[in-house]
Amino acid sequence: MVFVTISNFCKSSVKFNKKYQLKFIDSLRLNVKGGHGGNGYPKYGGIGGQGGCIQFEANEKVTLNALAKRNKKSPIKAQSGEDSSKARVLGRRGDDLNLKVPIGVTVFDEKNKKIAELNEPGDTCIAAKGGIGGCSGNNFLGTRGQERIVTLDLKLIADVGMVGFPNAGKSTLLKALSRATPKIANYPFTTLRPQIGIIEYSDFRQITVADLPGLIEGAHANIGMGHKFLKHIERTKLLLMVVDLFGFRFSVIHRLRTCMQNIYALNKELELYDEDLLDRPCILLLNKIDKEGAQSEYDQIKEKILDLKSHTSDCPEELLSNRFIQFDDVHVISAKNEIGIDNVKASIRQTLDKYAEENLNDASNELKPNSRQITGENH
Ligand SMILES: Nc1nc2c(ncn2[C@@H]2O[C@H](COP(=O)(O)OP(=O)(O)OP(=O)(O)O)[C@@H](O)[C@H]2O)c(=O)[nH]1
Ligand SMILES: [Mg+2]
């Protein structure tokens with residue numbers, strides 16, 4: 001998903017126009033350059049100072065919009081190293097330029113190779129190295145700093161991420177769960193950008209939910225910009241898989257995929273994108289129970305969804321995965337008529353709390369010294 005990608009190396013006539021400034025950016029390209037190395041002083045064997053580096057540092061208070069706004073110059077340069085002189089034989093090193101970037105940013109180089117992932121506050125990476133100072137090895141001529149175009153790709157952070165095919169009712173559900181007002185319509189791809197809503201509980205606890213654009217088969221291979229959407233669930237703690245009890249048909253030329261087939265297909269997209277997502281806590285929501293005939297659709301599948309692995313017979317080969325999600329909870333709901341929504345809210349909270357506690361226990365067990373070592377047993 002790209003809301004807007006902005007580069008700092010576009011021509012001045014198309015530089016950051018107002019329209020773009022208002023939008024949320026989740027991808028930003030920057031032309032960065034390390035400082036030039038200072039020249040050496042041959043007469044005294046003096047060494048020029050090294051050029052400063054461009055460093056990115058993750059910070060919770062900054063957005064990509066703010067970063068783009070503050071860094072319109074292209075390239076963004078770090079300070080050059082000082083030339084060596086009679087008074088200062090070893091030239092001073094150029095200052096590094098520390099650019100604050102949002103947490104959750106992945107940095108890529110021109111060839112789309114990952115340079116770093118900055119997921120925690122204070123995480124840093126060097127985006128462009130400074131040039132070496134001049135010395136006898138390089139004829140006392142300082143070298144240029146590294147220049148490159150880097151892309152900062154931001155993943156949303158939310159506690160819960162919704163996944164589903166188009167038209168399943170994800171945005172309707174977000175509206176029912178929170179005060180968000182997403183666009184809802186009876187056609188696929190109504191949602192084009194992720195939206196975040198906040199579930200508020202009576203004790204003021206808040207849980208954030210991201211409504212993502214609908215996936216399509218092949219999303220793992222970036223069909224329908226699947227990567228851009230799927231990347232956002234990487235940083236969520238809990239998945240809400242939303243499916244229409246009556247299945248989904250992409251268009252008249254596509255086959256209708258039943259509800260059960262949709263579940264297998266989503267399982268497969270998750271597996272192919274990142275197998276670890278199958279181990280993520282996941283709640284299945286079967287939507288549109290208010291529609292006529294929905295109860296009998298549900299009755300046909302209610303046993304099967306509890307054990308996906310054992311009921312693959314009515315699933316086409318191309319939708320089958322190697323591994324299957326084990327749902328933490330399943331709810332039958334009507335997002336539109338708000339049936340079952342309170343149960344979903346409670347289930348989200350309980351599931352998040354259960355896993356948070358388990359993680360805490362795991363962490364404290366790792367810290368505990370081995371009891372055998374304490375007692376001195378060695379057999
Ligand atoms: N009858 C019924 N219709 C629903 C329900 N939930 C959603 N809908 C309808 O289904 C259609 C699609 O709903 P959306 O919430 O836009 O679906 P979505 O999953 O966000 O779709 P994309 O943004 O395209 O991925 C709309 O016409 C909704 O009114 C429900 O519980 N019952
Ligand atoms: Mg939507």
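Taking Ser80, is it hydroxyl-bearing (Ser, Thr, Tyr), surrounded by fewer than 18 Cβ atoms within 10 Å (Cβ to Cβ), more than 27 Å from the chain's Cα centre (by Cα) and more than 26 Å from Leu156 (Cα to Cα)?
On the way: hydroxyl-bearing (Ser, Thr, Tyr): yes; surrounded by fewer than 18 Cβ atoms within 10 Å (Cβ to Cβ): no; more than 27 Å from the chain's Cα centre (by Cα): yes; more than 26 Å from Leu156 (Cα to Cα): yes.
No.
So, in region 41-61, exactly how many residues are open to solvent by 10 Å² or more (accessible area, probe 1.4 Å), more than 18 Å from Asp109 (Cα to Cα) and modelled with pLDDT of 90 or more?
Final tally of qualifying residues: 8.
Restricting to region 89-115, what's the tally of residues that are outside any loop (DSSP other than H, G, I, E, B) and open to solvent by 60 Å² or more (accessible area, probe 1.4 Å)?
4
From Ile305, Ile325, grab the single residue that is part of a loop (DSSP other than H, G, I, E, B) and in the same structural domain as Phe229 (by TED's automatic domain parsing).
Ile325
Just checking, which of Lys268, Lys288 is among the basic types (Lys, Arg), open to solvent by less than 50 Å² (accessible area, probe 1.4 Å), within 14 Å of ligand 1 (Cβ to nearest atom) and in the same structural domain as Phe324 (by TED's automatic domain parsing)?
Testing whether each residue is among the basic types (Lys, Arg), open to solvent by less than 50 Å² (accessible area, probe 1.4 Å), within 14 Å of ligand 1 (Cβ to nearest atom) and in the same structural domain as Phe324 (by TED's automatic domain parsing) leaves just Lys288.
Could you list, ordered by first residue, the pairs with Cβ atoms under 8 Å in which the first is in region 304-330 and within 19 Å of Leu245 (Cα to Cα) and the second is in a loop (DSSP other than H, G, I, E, B) and of a type in the set (Asp, Glu), at least 6 apart or interchain?
His311/Glu303; Leu319/Glu217
Taking the options Thr172, Thr181, name whichever one is at pLDDT 95 or above, within 16 Å of ligand 2 (Cβ to nearest atom) and open to solvent by 20 Å² or more (accessible area, probe 1.4 Å). Full working, then the answer.
Details: Thr181 fails: at pLDDT 95 or above.
Every option except Thr172 fails the conditions.
For a quick check of your reading of the model, give me the residue pairs whose first member lies in region 162-181 and is over 22 Å from His254 (Cβ atoms), whose second is open to solvent by 10 Å² or more (accessible area, probe 1.4 Å) and hydroxyl-bearing (Ser, Thr, Tyr), with beta-carbon atoms closer than 7 Å and at least 6 apart or on different chains.
Lys175/Thr181
Return the only residue of Ser13, Ser7 being open to solvent by 70 Å² or more (accessible area, probe 1.4 Å), at pLDDT below 95 and either of a type in the set (S, T, N, Q) or not assigned by TED's automatic domain parsing to the domain that holds Lys111 (or both). Outline the logic, then answer.
Working: Ser7 fails: open to solvent by 70 Å² or more (accessible area, probe 1.4 Å).
Going through Ser13, Ser7 in turn, just one is open to solvent by 70 Å² or more (accessible area, probe 1.4 Å), at pLDDT below 95 and either of a type in the set (S, T, N, Q) or not assigned by TED's automatic domain parsing to the domain that holds Lys111 (or both): Ser13.
Which one of these does Leu192 not meet: (1) touching a residue at least 12 places away in the same chain (Cβ under 8 Å); (2) within 11 Å of ligand 2 (Cβ to nearest atom); (3) surrounded by fewer than 15 Cβ atoms within 10 Å (Cβ to Cβ); (4) more than 30 Å from Ile115 (Cβ to Cβ)?
(4)
Testing Leu285 on (1) at pLDDT below 95; (2) touching a helix residue (DSSP H, G or I) at 6+ places or on another chain (Cβ under 9 Å), one condition comes back false. Which one is that?
(1)
Being in contact with a Leu (Cβ under 9 Å, 6 or more places away or on another chain), within 14 Å of ligand 2 (Cβ to nearest atom) and more than 23 Å from Thr258 (Cβ to Cβ) is the requirement here; does Pro213 meet it?
For Pro213, the condition - in contact with a Leu (Cβ under 9 Å, 6 or more places away or on another chain), within 14 Å of ligand 2 (Cβ to nearest atom) and more than 23 Å from Thr258 (Cβ to Cβ) - is not met.
Let's see how each residue does on (1) under 18 Å from the mean Cα position of the chain (by Cα); (2) outside the structural domain of Ile348 (by TED's automatic domain parsing); (3) modelled with pLDDT of 95 or more:
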| residue | (1), (2), (3) |
| --- | --- |
| Arg88 | no, yes, no |
| Arg92 | no, yes, yes |
| Leu97 | no, yes, yes |
| Glu110 | no, yes, no |
| Lys113 | yes, yes, no |
| Ile126 | no, yes, yes |
| Gln146 | no, yes, yes |
| Pro166 | no, no, no |
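Identify, from the list Glu275, Glu234, Glu200, Glu269, the residue that is within 24 Å of Asn112 (Cα to Cα) and either within 13 Å of ligand 2 (Cβ to nearest atom) or out of contact with any helix residue (DSSP H, G or I) (no Cβ under 9 Å at 6 or more places or on another chain) (or both).
Only one candidate passes the filter, namely Glu275.
Could you count how many residues in region 65-88 are part of a loop (DSSP other than H, G, I, E, B) and either within 30 Å of Leu28 (Cβ to Cβ) or touching a Pro at 6+ places or on another chain (Cβ under 6 Å) (or both)?
9
The values are calculated or read from the model by the stated rules, or taken from the named source; none is laboratory data. Quantities reported herein were computed from a predicted structural model and do not represent experimental measurements. We place every Cβ from the backbone using ideal geometry, glycine too, and count neighbours over all the protein chains shown. Just the protein is used for accessible areas: all its heavy atoms, side chains included, with ligands, DNA and RNA removed. Shrake-Rupley method; radii C 1.70, N 1.55, O 1.52, S 1.80 Å.
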